[in-house]
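See below for the structure under consideration.
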Amino acid sequence: MTASSTLRAAVARIQEALGHEFTNPDLLHRALMHRSYAAEESLDESYERLEFLGDAVLQLAVTHYLFERYPQLSEGEMAKVRAAVVNERTLAELARRMRIGPLVLLGRGESLTGGADKDSILSDVVESIIGGIYLEVGFASTRELIEAHWAPLVDDRASSPGEADYKTRLQELLAQQGLRPQYTIEEDGPEHAKVFTAEVFAGDRRLGTGSGTSKKRAEQAAAFDASQALDG
């Protein structure tokens, strides 16, 4: 894909996914430009400066949301929630849902080694795009856009900020084998007192099971069960 066609595709796709229309397409072009591509094309700048800016904007926007919506959370609890929703894995999954990977401008070597699906690159690009949006519309509008995408994650995590994140631990363990966990959920009981049971699989292999009063807690319990077995 040429740079110009990539740019056109990126403008359409990112505008649709994020709800922001870049008035300066060159800014988005830079936000997609990995340093390997910049080096091959003898360009002075990649997305790294925009990424640095976007990381700060994202952190502040999520912190602002937590501070306003969850006055009962302590500083330490807010820090745990923010770390759980603003990290490489979460950003990379967002990039995959937006299908950004094929749009990233990579050097030949990086492209051949799967750079378009690396968590590190995908997460960087999400932050660099946020940095570009911030330069165009300022913090208030960028914060609204971030909240639209991150609020469900923050709300879910803020409901139990002190719980150990066994799902993340299990994902890290399986990633070492090139696998990803998959969860199934069943529910039982009356509407006011439902019990959820989760099973977690890697491929066809069942790794663990657990129950809880919410889907999230059931999945955490199943992930804990699986992590104990894998660690053991």
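The values are calculated or read from the model by the stated rules, or taken from the named source; none is laboratory data. Small disclaimer: the values here were computed from a predicted structure and weren't measured. Here the Cβ positions follow ideal geometry from the backbone for every residue, glycine too, while neighbour counts run over all protein chains shown. In case anyone asks, the SASA skips ligands and DNA or RNA and just uses the protein heavy atoms, side chains included. Shrake-Rupley method; radii C 1.70, N 1.55, O 1.52, S 1.80 Å.
Would you confirm whether any residue within region 95-107 is in a helix (DSSP H, G or I) and modelled with pLDDT of 90 or more? Checked region 95-107: no residue is in a helix (DSSP H, G or I) and modelled with pLDDT of 90 or more.
Among Val104, Val62, Val125, Val85, which is in contact with a Ser or Thr (Cβ under 9 Å, 6 or more places away or on another chain), β-branched (Val, Ile, Thr) and buried (at least 20 other Cβ atoms within 10 Å of the Cβ)?
Val104
Of note, Ala61 satisfies the criterion of being at pLDDT 90 or above and either in a helix (DSSP H, G or I) or on the phi > 0 side of the Ramachandran plot (or both). Residues in region 19-40 that are closer than 17 Å to Leu112 by Cβ and either open to solvent by 60 Å² or more (accessible area, probe 1.4 Å) or part of a loop (DSSP other than H, G, I, E, B) (or both): His34, Arg35, Ala39, Glu40.
Quick grid of which residues meet (1) basic (Lys, Arg); (2) assigned to a helix (DSSP H, G or I); (3) in contact with a Pro (Cβ under 9 Å, 6 or more places away or on another chain):
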{"site": "Val137", "(1), (2), (3)": "no, yes, no"}
{"site": "Ala140", "(1), (2), (3)": "no, yes, no"}
{"site": "Glu144", "(1), (2), (3)": "no, yes, no"}
{"site": "Arg157", "(1), (2), (3)": "yes, yes, no"}
{"site": "Arg169", "(1), (2), (3)": "yes, yes, no"}
{"site": "Glu187", "(1), (2), (3)": "no, no, no"}
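Restricting attention to region 64-86, the residues being in contact (Cβ under 8 Å) with a residue 24 or more places away in the chain and outside any helix (DSSP H, G or I) number 3. Here Ala148, Ala140 are screened, and the one residue that is open to solvent by 60 Å² or more (accessible area, probe 1.4 Å) and modelled with pLDDT of 90 or more is Ala140. Taken as a whole, the structure leaves Arg13 outside the set of residues that are closer than 24 Å to Val86 by Cα, charged (D, E, K, R) and at pLDDT 85 or above.
Matching residues to (1) outside any helix (DSSP H, G or I); (2) surrounded by 13 or more Cβ atoms within 10 Å (Cβ to Cβ); (3) touching a Ser or Thr at 6+ places or on another chain (Cβ under 8 Å):
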residue	(1), (2), (3)
Phe201	yes, yes, yes
Gly208	yes, yes, yes
Ala222	no, yes, yes
Ser227	no, yes, no
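Every condition in (1) open to solvent by less than 50 Å² (accessible area, probe 1.4 Å); (2) more than 15 Å from Ala151 (Cα to Cα) is met by Tyr70 except one, and the failing one is (2).
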